[in-house]
Amino acid sequence: MPSLRQRWRHWTGRADAFAPEPGLEAIYRDLFLRELALLGEEDRFFPTGGAANYSLLYLILRIGAEFQPASVLDVGAGQSTLLWAMLQRRGCVGEVLTLENDPEWGARIAGQVGHEVLVTPLRRMRVGGRTMMTYDWTAAQAGRRFDAIVCDGPRGTPRHSRGGILSMLGDLPPDFALVLDDAERDGEQDTIAQVHARLQADKRDYAVGVLRAAKSQAVFATGRFLPATFL
Ligand SMILES: C[S@@+](CC[C@H](N)C(=O)[O-])C[C@H]1O[C@@H](n2cnc3c(N)ncnc32)[C@H](O)[C@@H]1O
């Protein structure tokens, strides 16, 4: 069976639709800083090392400011968490829940935000037909339904990386945006292919877009979030 990379090449005619384009990082930085300034917010972000890069920060800012999700799930604490907290403070988004596995890191980030940072150590679980180390998704759901999900944790694995996110696909609202970071990596592409398969099996009318800069993001969206695939 052709890999997701090969299928994208076939559909789009592009050599590698997921390859990072580091030169675009400065463009997304400018756009992010401009939108931040329009909101009257200071740039206190550190998009360095393993943290969210500028295209991810830009994407979160636009999804928050323009689509105003009612309930956000931020998977993997860090700069993304600080940005969602800022958007919530400004009334752009409703509930925010951050999911984190590292208690120290979770506590450090939780001390800087007003929303809940749920720390659940990784545990061995079976999701999407595979056994993996992942979060306690039942505790994350707890009767909640998220219309914006950004998956940037836990740390990636060579294959089927962050596959635990598949356990959230069974209870998505009709209109949603789902962002998977690090889409250029083989492990994340396994998961992206599984998200496609699941949404198709569920007969969801969805679209997908890719942002490329220092890292790449895949954006799945339905309903009123569909334009988010063109950002
Ligand atoms: C890719 S990072 C998450 C990044 C986050 N979404 C952001 O926007 O910066 C994945 C995981 O790495 C760990 N991590 C990230 N930054 C860290 C740091 N500075 N110190 C310790 N752990 C960190 C956390 O457990 C986090 O959930």
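Write out, first by first residue and then by second, each pair whose Cβ atoms fall under 8 Å of each other, whose residues are 6+ apart or on separate chains, and whose first residue, in the range 149-171, is of a type in the set (S, T, N, Q) while the second is within 12 Å of the ligand (Cβ to nearest atom) and open to solvent by 10 Å² or more (accessible area, probe 1.4 Å).
Sorted first by the residue in the range 149-171, then by its partner, the pairs are S161/R185.
For the range 140-154, does any single residue satisfy the condition of being within 16 Å of the ligand (Cβ to nearest atom), surrounded by fewer than 16 Cβ atoms within 10 Å (Cβ to Cβ) and farther than 25 Å from T229 by Cα?
no
Return a yes/no flag: does the range 119-134 have any residue that is within 20 Å of L56 (Cα to Cα) and more than 15 Å from the ligand (Cβ to nearest atom).
Taking every residue of the range 119-134 in turn, none turns out to be within 20 Å of L56 (Cα to Cα) and more than 15 Å from the ligand (Cβ to nearest atom).
Is it the case that the range 216-223 has a residue that's open to solvent by 40 Å² or more (accessible area, probe 1.4 Å) and not β-branched (V, I, T)?
Scanning the range 216-223, I find no residue that is open to solvent by 40 Å² or more (accessible area, probe 1.4 Å) and not β-branched (V, I, T), so the answer is no.
Please pick out the residue among D205, D171, D175 that is open to solvent by 10 Å² or more (accessible area, probe 1.4 Å), modelled with pLDDT under 95 and either hydroxyl-bearing (S, T, Y) or over 19 Å from A52 (Cβ atoms) (or both).
Exactly one residue qualifies, and that residue is D171.
Which pairs do you get when a residue that is under 12 Å from W84 (Cβ atoms), found in the range 108-132, comes within reach of a residue that is in a loop (DSSP other than H, G, I, E, B), reach meaning Cβ atoms under 7 angstrom, with the pair 6+ apart or on two chains?
Cβ pairs passing all conditions: I109/A77; I109/G78; V117/A77.
Which residues, counting only those in the range 34-59, are outside any loop (DSSP other than H, G, I, E, B), buried (at least 17 other Cβ atoms within 10 Å of the Cβ) and among the aliphatic types (A, V, I, L, M)?
Answer for the range 34-59, where residues must be outside any loop (DSSP other than H, G, I, E, B), buried (at least 17 other Cβ atoms within 10 Å of the Cβ) and among the aliphatic types (A, V, I, L, M): L36, L56, L57, L59.
List the number of the failed condition for G164; all other conditions in (1) open to solvent by 10 Å² or more (accessible area, probe 1.4 Å); (2) modelled with pLDDT of 95 or more hold.
Result: G164 passes all but (1).
Considering only the range 71-81, I want to know if a residue exists there that is in contact with an Asp or Glu (Cβ under 9 Å, 6 or more places away or on another chain), within 14 Å of the ligand (Cβ to nearest atom) and in a helix (DSSP H, G or I).
The answer is yes, given that some residue of the range 71-81 is in contact with an Asp or Glu (Cβ under 9 Å, 6 or more places away or on another chain), within 14 Å of the ligand (Cβ to nearest atom) and in a helix (DSSP H, G or I).
Looking at I192, is it open to solvent by less than 20 Å² (accessible area, probe 1.4 Å), touching a residue at least 60 places away in the same chain (Cβ under 8 Å) and under 15 Å from L4 (Cα atoms)?
yes
The values are calculated or read from the model by the stated rules, or taken from the named source; none is laboratory data. Given the structure is predicted, the values throughout are model-derived calculations rather than measurements. Neighbour counts are summed over all protein chains in view; Cβ atoms, including those assigned to glycine, are modelled from backbone coordinates with ideal geometry. When the accessible area is computed, the model is the full protein with side chains, heavy atoms only, and any ligands, DNA or RNA have been set aside. Shrake-Rupley method; radii C 1.70, N 1.55, O 1.52, S 1.80 Å.
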